[in-house]
Amino acid sequence: MSDVFCRSKLTRRDFMRHAAYAALATTVGTEMLQSQGSGEKKVKVVLVRDEEALDKNRNPNPKVILRMLDRAVTELVGISDPVEAWRKLVNPNDLVGIKTNVWSYLPTPKEVEDAIKLRLMNAGVSKERILIDDRGARTTLANCTALINVRPLRTHYWAGIGGCIKNYIMFSPNPSQYHPDTCASLGHIWTLPIVKGKTRLNILVVLTPLFHGIGPHHFSPKYIWDYKGLLVSFDPVAVDAIGVQLLLAKRREFFGEEKPLPYNTHHIIYADKKYGIGVSDLSKINLVKLGWMEGVLI
Amino acid sequence: MKPEVALSVLLVGVMIICARASGESLNDIAGRIPNEFDGWRADGRWRYYDRKTLFQHIDGGAELYLAYRFKGAIVRRYLKGKEMEIALDIYDMGTPDDAFGVFSVERLGEDVGIGQGSDYIEGLLRFWKGRFFVSILTRLETDETKSAVMKLGGIVANAISETGKLTKLISILPTEGLKERSVCFLRKHTILNRIYFLADKNILELGDNTECVMGRYEQGNKSAYLLLIRYSDARGASKALNRFITSYIPEAKRSKVAKLEDGKYVASDSYGRFLLIALDATTKEFALKLIEATRQRLKEVKM
């Protein structure tokens, strides 16, 4: 870790000097993800895609979603049986909270929530010990001993992207305190006792990511696409860093030119370098790609 | 938006009375906007948001408005049929500079000649007039919804009777090579960072009482940004210049110009209570030329 990011002040020049991090804030190719020759241990992010994940109306296919989740989790945990893999994540005594996202235009699909619930129950957690919430998470999920963090990937008016890091903002007693400097301090939420050390899995849903928008209420069906994927990791920062790359790649393809995200995603870098909750440096992330490869982009 | 945030008309009335001190109120404007037009019908009452509650309407996006002198906003939806919806937001920004400021930092799309400055892109119409900033959005852009957005824009612009005069600071920006649509007004470093990330800390000591204008310059193959800041006094400008140099270009303590790691140049200087900074300049000469031209303008124009 470079200590420059631990300083009390961070300038544009710091980003210039550390191009790997600057990449997150602006634009980059995916070459950093592919240049993984060193023996250094990397953080794993699993991308699983399936051509059959959505029907023609963009409704998720429950069976396919479960299959995708199983592929991702078994790969991530390193155990071939999905139920056994989930038993490594939770135990029957856990009170498990699924932190979902209910944003009306692009909520966490029910099919993904159901697949998580099923595997939690298969792993021995009783139905009564599985809670799910978004806006009320600070109250309803406060006593959970294990958290599963799941939400769709989208561009966000102020934070640059809505990803796994930002999904915990509802655990804060005062969400708006995280808004200054384009949500730079979102990583701090992950150090609050209510969530610290509890997250067992981060799932960034990329079935139909939103890659562009204008204005604070932005959403247009024109700017989502059928990517039909899930990004899964133990590391919320790494999964978001990959999410940024995916959105940038799609923007590049769609607009025919480099089209950086209009809003700074530096909360991802801060989450790593200031709050120490994960890895943002693309050269330290091992992206494992499974399943359908057409149009994979990253 | 959270549904529980819908506040009562009574509260609107109370808050708007408070805002009456400076010219026409949001209530005055609301009263001039019809509940129906061309088959579009307002969906319930106006909702009111102030500095404390605005984030409940636009989440983190509220920070943009709060970084200016935002006083309050009224919001309502218009519906037609089952599918079509238009969201109308009217913001009292406190001053014309602040209304222009919010408008200026996100200029996109084409100017459609509504209010004192406007743009439209993909279902979103934004304009400013007087001390008010207006946003009208339809998420489902069709010929019909676009036409309705424009119509409603015209109605709202007419409902705002006052017009505003902008800060003379804008007229100080040298005109040669200036990309007119790039000119923006801001007060705080959080907004500067949104346009041009400089540092996470407030190294230019910007705040409620500073005024900044920024513009993009392109001349042939040369380009740069120019940032002009007015502090409350010369001491403030001098102090900010010192902090900027110390924090950002310490190698330029004497020369006031530095070549950065990306090969571009930064130059800075102060003039009375003004701080002048050229950023991202492709050549040293272009950076210094912009600074000098701005100094000349400040000499010519009484501020």
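The values are calculated or read from the model by the stated rules, or taken from the named source; none is laboratory data. Predicted model, so just to flag it, every value in this text is computed and none were measured. A quick note on method: Cβ atoms are made from the backbone with ideal geometry, for glycine too, and the neighbour counts reach across all protein chains shown. These accessible areas exclude ligands, DNA and RNA; they are computed on the full protein's heavy atoms, side chains included. Shrake-Rupley method; radii C 1.70, N 1.55, O 1.52, S 1.80 Å.
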| request: Tell me which residues, restricted to segment A:164-182, are in a helix (DSSP H, G or I) and either open to solvent by less than 10 Å² (accessible area, probe 1.4 Å) or of a type outside the set (Gly, Ala, Ser) (or both). | output: A:166, A:167, A:168, A:169, A:170, A:171, A:175, A:177, A:178, A:180, A:181, A:182
| Would segment B:53-65 turn up any residue that is at negative phi, modelled with pLDDT of 95 or more and surrounded by fewer than 23 Cβ atoms within 10 Å (Cβ to Cβ)? | no
| query | Considering only residues of segment A:147-159 that are under 13 Å from the mean Cα position of the chain (by Cα) and within 14 Å of another protein chain (Cβ to nearest Cβ), which is surrounded by the most Cβ atoms within 10 Å (Cβ to Cβ)? | reply | A:154
| task | Keeping to segment A:183-222, report how many residues are in a helix (DSSP H, G or I) and either surrounded by 21 or more Cβ atoms within 10 Å (Cβ to Cβ) or touching a residue at least 60 places away in the same chain (Cβ under 8 Å) (or both). | result | 7
| task | Please state which of the following conditions residue B:203 fails to meet, knowing it meets all the rest: (1) open to solvent by less than 40 Å² (accessible area, probe 1.4 Å); (2) over 20 Å from the mean Cα position of the chain (by Cα); (3) more than 10 Å from chain A (Cβ to nearest Cβ). | result | (3)
| query | Do we find a residue being of a type in the set (D, E, K, R), in contact with an Asp or Glu (Cβ under 9 Å, 6 or more places away or on another chain), open to solvent by 10 Å² or more (accessible area, probe 1.4 Å) and within 14 Å of another protein chain (Cβ to nearest Cβ) anywhere in segment B:229-237? | reply | no
| remark: Selection from segment B:122-155 of residues basic (Lys, Arg) and under 20 Å from residue B:35 (Cα atoms) yields B:146, B:151
| task | Quick one: count up the residues across segment B:89-147 that are modelled with pLDDT of 95 or more, under 29 Å from residue A:224 (Cβ atoms) and assigned to a loop (DSSP other than H, G, I, E, B). | result | 1
| Selected residue (only one of B:244, B:197 is free of Cβ contacts under 8 Å to residues at least 12 places away in the same chain, surrounded by 17 or more Cβ atoms within 10 Å (Cβ to Cβ), out of contact with any Gly (no Cβ under 6 Å at 6 or more places or on another chain) and within 14 Å of another protein chain (Cβ to nearest Cβ)) | B:197
| Residues of segment A:272-296 being open to solvent by 30 Å² or more (accessible area, probe 1.4 Å) and in a loop (DSSP other than H, G, I, E, B), which ones? | A:274, A:275, A:276, A:277, A:279, A:292, A:293, A:294, A:295
| note | Selection from segment A:43-70 of residues among the charged types (D, E, K, R) and farther than 20 Å from residue A:297 by Cβ yields A:55, A:56, A:63, A:67, A:70
| query | Within the set of pairs 6+ apart or on separate chains, which have a first residue in segment A:115-143 that is on the phi < 0 side of the Ramachandran plot and within 14 Å of chain B (Cβ to nearest Cβ), a second that is in a helix (DSSP H, G or I) and surrounded by 14 or more Cβ atoms within 10 Å (Cβ to Cβ), and C-beta atoms under 8 Å apart? | reply | A:134/A:170; A:135/A:170; A:136/A:170
| task | May I ask you to list the residues in segment A:86-133 that are surrounded by 17 or more Cβ atoms within 10 Å (Cβ to Cβ), in a loop (DSSP other than H, G, I, E, B) and within 15 Å of the chain's Cα centre (by Cα)? | result | A:100, A:101, A:106, A:108, A:109
| task | State all residues of segment A:202-241 that are more than 14 Å from every other protein chain (Cβ to nearest Cβ) and among the polar types (S, T, N, Q); if no residue qualifies, say none. | result | A:202, A:208, A:233
| note | Among (1) without any contact (Cβ under 8 Å) to a residue 40 or more places away in the chain; (2) within 14 Å of another protein chain (Cβ to nearest Cβ), residue B:253 falls short only on (2)
| request: Filter segment B:82-120 down to residues that are within 14 Å of chain A (Cβ to nearest Cβ), closer than 17 Å to residue B:184 by Cβ and open to solvent by 10 Å² or more (accessible area, probe 1.4 Å), then give me how many there are. | output: 5
| message | Can you find a residue that is assigned to a strand (DSSP E or B) and either free of Cβ contacts under 8 Å to residues at least 12 places away in the same chain or more than 27 Å from residue B:90 (Cα to Cα) (or both) anywhere in segment B:158-178? | response | yes
| query | Considering segment B:243-292 alone, what residues qualify as being under 17 Å from residue B:231 (Cβ atoms) and among the small types (Gly, Ala, Ser)? | reply | B:247, B:268, B:270, B:272
| request: For segment B:259-283, name all the residues that are more than 14 Å from chain A (Cβ to nearest Cβ), under 24 Å from residue B:171 (Cβ atoms) and open to solvent by 10 Å² or more (accessible area, probe 1.4 Å). | output: B:269, B:270, B:271, B:272, B:273, B:274
| The lone exception for residue B:63 - which of (1) assigned to a loop (DSSP other than H, G, I, E, B); (2) within 30 Å of residue B:294 (Cβ to Cβ) it fails | (1)
| query | Which of the residues belonging to segment B:200-241 are of a type in the set (D, E, K, R) and free of Cβ contacts under 8 Å to residues at least 40 places away in the same chain? | reply | B:200, B:205, B:216, B:235, B:239
